[in-house]
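Participant: Dropping the structure in here first, questions after.
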Amino acid sequence: MSAISNSFLWGKRFAITGQLSVPRREAICMFEKAGAVYVPRVTRLTDILLVGDIRALTGTTRKLCWARQLRDYGHQVTLFNGEILIAQLSKSSIRNQKNNLIGG
């Protein structure tokens, strides 16, 4: 079984709101490599909302408001700090690259 299939992101639908430290397209690629599926909007089917820096905005976003509303209605939308998840995925990616070099 590969490391990707063991990932808690595997098969999860995710959206992004707020500003991230990496370009949005790069963040999407990182999460897709971990098995997640990008969706541009928050819906009942969204599993994860990655929340970047929203302070530069009005302190909230439509996606964040909608995710909170869905949670109030019992839907399982998990809010994550996007920066922390990106850092963890980056470390995991670097570790996997090193393991591949050593093992290959």
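The values are calculated or read from the model by the stated rules, or taken from the named source; none is laboratory data. Note that the structure is predicted; figures quoted are calculated from it, not measured. Using ideal geometry, Cβ is built from the backbone for each residue, glycine included, and neighbour counts are taken over all protein chains shown.
Participant: Taking the condition of being closer than 14 Å to residue 76 by Cα and modelled with pLDDT under 95, how many residues in region 17-42 meet it?
Facilitator: Within region 17-42, residues that are closer than 14 Å to residue 76 by Cα and modelled with pLDDT under 95 number 0.
Participant: Please determine whether any residue of region 8-16 is closer than 21 Å to residue 61 by Cβ, in contact with a Pro (Cβ under 8 Å, 6 or more places away or on another chain) and at pLDDT 95 or above.
Facilitator: There is at least one residue in region 8-16 that is closer than 21 Å to residue 61 by Cβ, in contact with a Pro (Cβ under 8 Å, 6 or more places away or on another chain) and at pLDDT 95 or above.
Participant: Exactly one condition in (1) within 23 Å of residue 7 (Cβ to Cβ); (2) under 14 Å from the mean Cα position of the chain (by Cα); (3) of a type in the set (A, V, I, L, M) is false for residue 45; which is it?
Facilitator: (2)
Participant: Which of the residues belonging to region 23-64 are out of contact with any helix residue (DSSP H, G or I) (no Cβ under 6 Å at 6 or more places or on another chain) and β-branched (Val, Ile, Thr)?
Facilitator: 28, 37, 39, 43, 46, 48, 54, 58, 60, 61
Participant: I'd like the residue in region 75-90 that is in contact with a Lys or Arg (Cβ under 9 Å, 6 or more places away or on another chain) and under 15 Å from residue 16 (Cβ atoms) and, out of all such residues, is surrounded by the most Cβ atoms within 10 Å (Cβ to Cβ).
Facilitator: Residue satisfying both the conditions and the ranking: 77.
Participant: Mind listing just one residue for me: the one in region 49-104 that is modelled with pLDDT under 60 and hydrophobic (A, V, I, L, M, F, W, C) and, of those, farthest from the chain's Cα centre (by Cα)?
Facilitator: Applying the filter and picking the extreme gives 102.
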